[in-house]
1. Show the residue pairs that are 6+ apart or on different chains and have beta-carbon atoms under 6 Å apart, the first residue being within the stretch 375-396 and acidic (Asp, Glu), the second being surrounded by fewer than 20 Cβ atoms within 10 Å (Cβ to Cβ).
2. Hey, among Phe100, Phe104, Phe108, Phe158, which residue is more than 22 Å from Tyr370 (Cα to Cα), of a type in the set (Phe, Trp, Tyr) and at pLDDT 90 or above?
3. For the stretch 147-191, which strands (runs of 3 or more DSSP E) that fit wholly inside it have 3 or more residues that are within 15 Å of Asn124 (Cα to Cα) and either touching a residue at least 24 places away in the same chain (Cβ under 8 Å) or not hydrophobic (A, V, I, L, M, F, W, C) (or both)?
4. I need the strands (runs of 3 or more DSSP E) fully contained in the stretch 310-418, keeping only those with at least 2 residues that are polar (S, T, N, Q), in contact with a strand residue (DSSP E or B) (Cβ under 9 Å, 6 or more places away or on another chain) and modelled with pLDDT of 50 or more.
5. Any chance you could count how many residues in the stretch 206-235 are on the phi > 0 side of the Ramachandran plot and either surrounded by 14 or more Cβ atoms within 10 Å (Cβ to Cβ) or under 15 Å from the mean Cα position of the chain (by Cα) (or both)?
6. Kindly indicate whether Arg287 is closer than 23 Å to Val372 by Cα, assigned to a loop (DSSP other than H, G, I, E, B) and among the basic types (Lys, Arg).
7. Kindly establish whether Leu203 is within 16 Å of the chain's Cα centre (by Cα), under 30 Å from Ser262 (Cα atoms) and surrounded by fewer than 22 Cβ atoms within 10 Å (Cβ to Cβ).
8. So, in the stretch 126-142, exactly how many residues are part of a strand (DSSP E or B), farther than 12 Å from Ile94 by Cα and of a type outside the set (D, E, K, R)?
Amino acid sequence: MATLSASPNPNPKPNFRSPTDQTDHDPESLPHMELHPSSDQEPTPNSNPNFHAVLPTPPEAIAPAAAAAPSLLHISFNQDHGCFAAGIDHGFRIYNCDPFREIFRRDFDRGGGIGVVEMLFRCNILALVGGGIDPQYPPNKVMIWDDHQSRCIGELSFRSEVRSVRLRRDRIVVVLEQKIFVYNFADLKLLHQIETIANPKGLCAVSQGAGSLVLVCPGLQKGQVRVEHYASKRTKFIMAHDSRIVCFALSQDGQLLATASSKGTLVRIFNTVDGSLLQEVRRGADRAEIYSLAFSSNAQWLAVSSDKGTVHVFSLKINGGSPGIDRSQSASDSVTSPHSSLSFIKGVLPKYFSSEWSVAQFRLVEGSQYIVAFGHQKNTVVILGIDGSFYRCQFDPVNGGEMTQLEYHNFLKPEAAF
């Protein structure tokens, strides 16, 4: 049985058990939850209409890989950007970024569309949601998949479709169109419910540092983001943009937040503790749809992808804005922002001319959808396309300019496997 290696071991086999005390929640808004035993015995089907008959999925029920390239329904990086997951029309696949290779795949023989695959670092636990024309699971359920057993060991059911899922070692966060549920991973007990504005993309970000949980989601107003600090039990609302929020990202420790609106021209970086605006960078002059934002591990760089076919890397100059973040590189090691030569006339020319522009760029096919993250090697960026493209590029932190392409793969082609 091919599995993800747990390194470090992020609680690879949580002891799932039924929550016993949820009487304080409104029963009308409480999602139905059904747990299946995590032993090697197959669960016994019962009369509960929420029971999904395809569970379990023993190894012999897994079909061979399809000969033709599959349709891609979902791509996402894991929490440290070292791996990525692809949901396809008959299963899912997990890949390593550097070196690039397919780690494992699961192909289902009955339909099998997977619309969401959320990894938990590199351990054997994943969250799956059905998707596509012929979904493997109902799109209103989150299935907890244990790849050691090659089957689902639990599920969460809702009254509407699941838009996205976020995992931490201690929490499961489920995002619906206008509501977010936060669960304890150890026993799946519901801890918190959040109301949001319409959120069809399932926008949500959670911190992944060893410290306490910081969660960011849309607020109840256009252009507003909500920041939940669970350690201090504080909620912070930030009016980030005048237009609708379409994308945001958190730094690993949850102290920095980058946001983009439907205009797609400016990206703003905020301090999540006090909501202050720390920096503003410009992607371009014309409108664009921002697909993804990503901080580097030390929060020194920010990457942005959009439908304009260009990935931008910006230098972040907010050392004093977020205490505790290690930015080991000195200012002399990084490129000077292109706006600095105009600083002497700042305030005279329109804001467009004094904006901070990206220091490095990589050109892709315009109109196609890409997501981006920073690689584990210094000054590298990994780019994933909805067309199955995988790019690994390197940027020059001193001189900036066009990035250098280090490698390219099409991860959907059969020959890319193993």
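1. From the stretch 375-396, the pairs are Asp387/Ser368.
2. Phe158
3. Once the strands (runs of 3 or more DSSP E) in the stretch 147-191 are filtered for at least 3 residues that are within 15 Å of Asn124 (Cα to Cα) and either touching a residue at least 24 places away in the same chain (Cβ under 8 Å) or not hydrophobic (A, V, I, L, M, F, W, C) (or both), what remains is 151-157.
4. 310-315, 389-394, 404-410
5. Final tally of qualifying residues: 1.
6. Spelling it out, Arg287 is indeed closer than 23 Å to Val372 by Cα, assigned to a loop (DSSP other than H, G, I, E, B) and among the basic types (Lys, Arg).
7. yes
8. Qualifying residue count, the stretch 126-142: 6.
The values are calculated or read from the model by the stated rules, or taken from the named source; none is laboratory data. The structure presented is a predicted model; accordingly, all values stated were derived computationally and were not measured. All Cβ positions, even for glycine, are placed from backbone atoms using ideal geometry, and neighbour counts span all protein chains on display.
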